[in-house]
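> Quick one: the structure is below, questions incoming.
The values are calculated or read from the model by the stated rules, or taken from the named source; none is laboratory data. None of the values given here were measured: they were computed from a predicted structure. Glycine gets a Cβ as well: all are built from the backbone with ideal geometry, and neighbour counts include every protein chain shown. We work out accessible area using only protein heavy atoms, side chains counted, and drop any ligands, DNA or RNA first. Shrake-Rupley method; radii C 1.70, N 1.55, O 1.52, S 1.80 Å.
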Amino acid sequence: MIPQGGSIAGLTLQEIEQPSLTWQLDLERGRITGKIDGLQAVRQAVFKMLQTDRYFHAIYSFDYGHELAGQLGGSPLLVQSEAARLISEALLQDNRISAVDDIAVESVGAELVIRFTVVTQYGSFEEEMRRNV
């Protein structure tokens with residue numbers, strides 16, 4: 001069980017929500033162009049998580065990224081069924097994301113196309129991920 005709340009010398013501690021303020025990445029020019037917060041910050045975080053294979057980069061914890069690479073090359077039906085679960089697991093690690101809805105997975109030639117809605121505390125947005133099978 002994870003302890004909730006606490007006190008120090010009779011003072012009650014309260015949990016304070018941290019801002020989601022982060023650096024805005026301009027990937028086309030390879031620069032940081034300012035700061036973003038709220039829905040924009042979550043959208044950028046989702047993009048980064050979908051670009052990162054879990055367990056592959058020492059800089060990230062084992063909770064960051066997705067595990068689709070381990071499924072690719074397998075049975076197309078199995079890959080399609082597992083893709084929805086793996087994307088949800090990856091994105092729900094971020095506590096700003098409350099749900100991943102309307103997941104649609106299809107094979108288009110040699111490519112797996114995954115479309116879904118990300119529901120956050122700041123609002124929702126549509127996202128798409130494409131991977132070679």
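> Tell me which residues, restricted to the range 86-125, are open to solvent by 30 Å² or more (accessible area, probe 1.4 Å) and at pLDDT below 85.
Ser107, Val108, Gly109, Ala110, Glu111
> Looking at (1) open to solvent by 80 Å² or more (accessible area, probe 1.4 Å); (2) closer than 23 Å to Pro19 by Cβ; (3) part of a loop (DSSP other than H, G, I, E, B), which is the only condition Phe56 fails?
Exception for Phe56: condition (2).
> Going through the range 119-133 one residue at a time, which ones are farther than 16 Å from Gln51 by Cα and either touching a Leu at 6+ places or on another chain (Cβ under 6 Å) or part of a strand (DSSP E or B) (or both)?
Passing the criteria: Val119, Thr120, Tyr122, Gly123, Ser124, Phe125, Glu126.
> Ok, one more. If a residue must be more than 25 Å from Val42 (Cα to Cα) and in a strand (DSSP E or B), how many such residues does the range 107-118 contain?
3
> Okay, next question. Please specify each residue of the range 1-43 satisfying the condition of being in a strand (DSSP E or B) and either open to solvent by less than 100 Å² (accessible area, probe 1.4 Å) or at pLDDT below 90 (or both).
Ser7, Ile8, Leu11, Thr12, Thr22, Gln24, Leu25, Asp26, Thr33, Gly34, Ile36
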